[in-house]
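Presented below is the structure to which this report refers.
The values are calculated or read from the model by the stated rules, or taken from the named source; none is laboratory data. Because the structure is predicted, anything quoted here is derived from the model rather than measured. Every residue, glycine among them, receives a Cβ derived from its backbone with ideal geometry; neighbour counts consider all protein chains shown. Side chains included, ligands, DNA and RNA excluded: accessible areas come from the protein's heavy atoms. Shrake-Rupley method; radii C 1.70, N 1.55, O 1.52, S 1.80 Å.
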Amino acid sequence: MGKTATDWVLFVVLLIGALLMSGPFVWMIATSFKPAADVFQFPPTLFTADPQVENYVRIFSTIPFGRAMANSLVVSVLVTLLQLITCSMAAYAFACLRFRGREVLFLIYLAALMVPSQVTLIPNFILIKSLGWIDTYQGLILPYAFSSFGTFLLRQYLKSIPAELLEAARIDGASHAQIYLTIVLPLAKPALGALAIFTFVAQWNNFLWPLITTTKPDMQVAIVALATLQGQYNTDWPLLMTGSVIAIVPVLLVFVFGNRAFIAGLTTGAFGGR
């Protein structure tokens, strides 16, 4: 009752924006229950009078979608864990250790952020092929085991940790490994949570690299498996929307359970530093 007119106007604007943003998702879910004939009905209707629940069964018999979802989950989780380890170690070195050329080397890391991933696509593919890693998990995972962005994100957060705290640990005889494991990582949980969400979502939606490094259906990830449902002359839109609904569930779960860590990582120094 104490809200002003400006607050109500802002609330209405945000509500309209939220409805517009959620519109495509509602349409996707509604289409997943439609028979094929209702998709091209004119005028279009949001809900169908004959919901097809069997679409959610047919998706798994039409393509090996269960295996594709498992592949996506394995690749995304392992890439996320590897990036948390490698990026946190590199960030600790850049933020908490002093050595000659540290700032110059960090600028080189930042320069790598300006290089489009498509530029390194062919060299990485040649390397993976020469190692015999086509259609393997290591070929899908290891090229993304490190991230310049993740290093930058964590380094900026670690710069906000008081230097006196780390110095006190060194005076007490703690080694760099002990400081990293018992002090730095616990304090960096918000930034690590934000990086985990960024990495998981980016890897789950990664399409181009799995497309060119997998040829066997049992090694395809979910997003590539969904692309096979689109034909040149015909597309089973209810089945495609059904697969899209299932594929988006893990990402939603990550956001739901990692929402606090994500917000904390963005608001308590992950992009700050000193």
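Points worth noting:
- Span-like helix ranges in the chain, DSSP H, alpha carbon extent 20 angstrom or more, Kyte mean at least 0.5: 5-32, 65-96, 189-204, 237-267
- Of the residues Lys159, Lys189, Lys34, the one with the largest accessible area comes first in the ranking Lys189, Lys159, Lys34, computed with a 1.4 Å probe on protein heavy atoms.
- Solvent-accessible surface ranking, highest first, for Arg100, Arg58 at 1.4 angstrom: Arg100, Arg58
- Solvent-accessible area of the chain (1.4 angstrom probe, protein heavy atoms only): carbon and sulfur portion equals 72 percent.
- Panel values: the chain, Kirkwood radius from alpha carbon pairs, Stokes-Einstein at 4 °C and 1.567 mPa s, translational diffusion coefficient 59 µm²/s.
- Dipole magnitude (debye, nearest 20) for the chain, charges at Cβ of Lys, Arg, Asp, Glu: 720 debye
- Charge sum, other residues only, whose C-beta stays under 13 Å from Tyr92's C-beta, Lys/Arg counted +1 and Asp/Glu -1: +4
- For the range 1-86, convex hull volume per residue from C-alpha positions, Å³: 210 Å³
- Computed over the chain, the per-residue total of -39500 (n - 2.57) for DSSP H runs of n ≥ 4 gives a 222 nm mean residue ellipticity of -21000 deg cm²/dmol, rounded to 500.
- Per residue, the accessible area of the chain comes to 58 Å² when a 1.4 Å probe rolls over the protein heavy atoms.
- Residue ranking by accessible heavy-atom surface, 1.4 Å probe, largest first, among Tyr109, Tyr180 comes out as Tyr109, Tyr180.
- Backbone N atoms of the range 99-115 closer than 11 Å to the 7 Å Cα→Cβ label point of His176 belong to residues 99-100.
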